[in-house]
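The block underneath contains the structure these notes are about, expressed in structure tokens.
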Amino acid sequence: MQKDIIEFSNQFHFTSSDVVEILLKEKGWQNQYRRIMLLGKELPELSASLKLDDKLVAGCESSVWLNYQWVNGQLKLAASSDSKVVKGLITIILAAYNNKEQNQILDFKIESYLDELGLLQQLSPSRGNGIKAIVNKILLVAEQGSNRS
């Protein structure tokens, strides 16, 4: 399972700057929404070994599996969903946190990032709550640090 998390994490290549650049090029919410779904298609495939019930994120309308492993002080993340648009939203979140050190995760201004993208204003309340649930789970993992992996 650890190997699967690390493999997924290493295949994930987006940064938060990449996401901002990609989404802000799009004119209008419909084009951004379509781009979010396309981002989801670029999410590496999550192996079946990582789609366990105990890895489901509570508070998400769709099924969202979130796996993590600390490796050499960096948080390796592997996540996916059964929803195309949620996969895109996961890509946006992982771009902010994957392969980052604890202080980078805790210092990242996620609210500013999401505001810049205009996501929470455009998404349904349930999708917005799902984003917050995923972010809160990652922040909890970061607060606990690498000694709780």
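Values in this text are rule-based calculations from the coordinates and carry no lab data. Every value quoted in this text rests on a predicted model; they were computed, and no experiment measured them. Heads up, the Cβs are rebuilt from the backbone with ideal geometry, glycines too, and the neighbour counts pull from every protein chain shown.
Odds and ends about this structure:
- Cα-only radius of gyration and Dmax that characterise segment 43-115, units Å: 12.5, 34
- A simple rule links phi to the HN-Hα coupling: the Karplus curve 6.51 cos²θ - 1.76 cosθ + 1.60 with θ = phi - 60°, which for segment 72-77 gives 6, x, 10, 8, 9, 10 Hz, with x for Gly and Pro.
- Approximating the spin labels as points 7 Å out from Cα along Cα→Cβ, the N129-to-Q11 distance works out to 3.2 nm.
- When the P(r) is computed for segment 95-147, the part past 18 Å accounts for 34% of the Cα-Cα pairs.
- Volume per residue that the Cα convex hull of the chain spans, once the total is divided by residue count, Å³: 97
- Taking Cβ atoms as reference points and 12 Å as the exclusive limit, the residues near A48 contribute a net charge of 0, counting Lys and Arg as +1 and Asp and Glu as -1.
- A Förster distance of 25 Å, applied to the separation of the beta-carbon atoms of N31 and D82, puts the FRET efficiency at 0.55.
- Shape annotation for segment 1-88: C-alpha extents along the principal axes are 40, 29, 20 Å, from largest to smallest.
- Maximal additional length on extending the N136-D18 stretch stands at 40.3 nm, based on 0.36 nm per residue less the C-alpha distance.
- In the chain the longest region clear of trypsin sites (Lys or Arg not before Pro) that are loop-assigned by DSSP and have at most 10 other C-beta atoms within 10 Å covers 28-149.
- Cα centroid separation, segment 13-90 to segment 115-146 (Å): 11
- When each of K25/K76; K55/K132; K51/K76 is checked by Cα-Cα distance, pairs over 18 Å: K25/K76
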